[in-house]
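The structure appears below as structure tokens.
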Amino acid sequence: MPLLSGIISLSLILLFGFLLWILFPKFLETPKYEVELSDSEFQLRKYDSFITTRVGTNGNQNEALRKGFRPLVRFIGAKERSSKKISMTVPVMQEKTSSEGNWLVSFSMPSKYSLNNLPKPTNNQLKQKIIPARLMAVIKFNGRANNDLLERKEKELRKWIAERDFLVVGLVQYYFYNDPTTPGMFRRNEVLLEVTK
């Protein structure tokens, strides 16, 4: 009986820990937006302006994301500067650039900061920028976001945009909400394109 009780207790602790791990990103700050249109997995969002810290990287999508993530985590964790740590936010943002194989990887900064009071990076590859308010078409999906899945979702999003007579005005962006150890079925991902009416 004590063994059964111990197994049940351990199972409950593990289940609680797993649920906390999966749900943790829901408690982190995200850039603010209003949903103007919702259609199954598609949304049209009006984002408020927000500040990012970003780094340019290169390589394939996954390599570039990994390369960009490390210096950004070191920056918010105050590994290379003396001021306080910066709270983690989600999502990790990745954006194609006009040069083949080049990317921008970004973290949004907590809304309590302005460019004036935001700690400055000592790594000169990191840049801080205000992203202006904008209208974004979004497709939401779960899974391990490899290049094939991202490209397929981008095509679906472009088709949805065209059917509603919006015009794409920017390059594709990817938003990732979970850490790499999260099982694929629990990962929240988004492909976004800036549009105009």
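Quick one: would you say E163 is charged (D, E, K, R) and closer than 21 Å to Y33 by Cα? Considered against the rule, which asks whether it is charged (D, E, K, R) and closer than 21 Å to Y33 by Cα, E163 comes out as no.
Taking the listed residues G143, G170, the one that is small (G, A, S) and within 22 Å of E34 (Cβ to Cβ) is G170, with no other qualifying.
Go through (1) surrounded by fewer than 16 Cβ atoms within 10 Å (Cβ to Cβ); (2) without any contact (Cβ under 8 Å) to a residue 40 or more places away in the chain; (3) part of a loop (DSSP other than H, G, I, E, B) one by one and return the number of the condition I86 breaks. (1) is the only condition that I86 fails. Residues in region 79-126 that are acidic (D, E) and either under 23 Å from K32 (Cα atoms) or touching a Cys at 6+ places or on another chain (Cβ under 6 Å) (or both): E95 only.
Given the residues N147, N124, N142, which is the only one that is free of Cβ contacts under 8 Å to residues at least 12 places away in the same chain and among the polar types (S, T, N, Q)?
Among N147, N124, N142, only N124 is free of Cβ contacts under 8 Å to residues at least 12 places away in the same chain and among the polar types (S, T, N, Q).
For beta carbons closer than 7 Å, sequence separation of 6+ or different chains, a first residue in region 173-197 that is closer than 13 Å to L135 by Cβ and a second that is surrounded by 21 or more Cβ atoms within 10 Å (Cβ to Cβ) and of a type in the set (K, R), there are no qualifying pairs. Total residues in region 154-197 satisfying the condition of being assigned to a helix (DSSP H, G or I) and under 20 Å from S98 (Cα atoms): the figure is 4.
Residues are listed down the side, and each one gets a yes or a no for (1) under 25 Å from E41 (Cα atoms); (2) within 16 Å of the chain's Cα centre (by Cα); (3) at pLDDT 95 or above:
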| residue | (1), (2), (3) |
| --- | --- |
| V92 | yes, yes, yes |
| K96 | yes, yes, no |
| M109 | no, yes, yes |
| N123 | no, no, no |
| I130 | no, no, yes |
| I139 | yes, yes, yes |
| R152 | yes, no, yes |
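The values are calculated or read from the model by the stated rules, or taken from the named source; none is laboratory data. This structure is a prediction, so every number in the text was calculated from the model and none was measured. Glycine also receives a Cβ, built like all others from the backbone with ideal geometry; neighbour counts cover every protein chain displayed.
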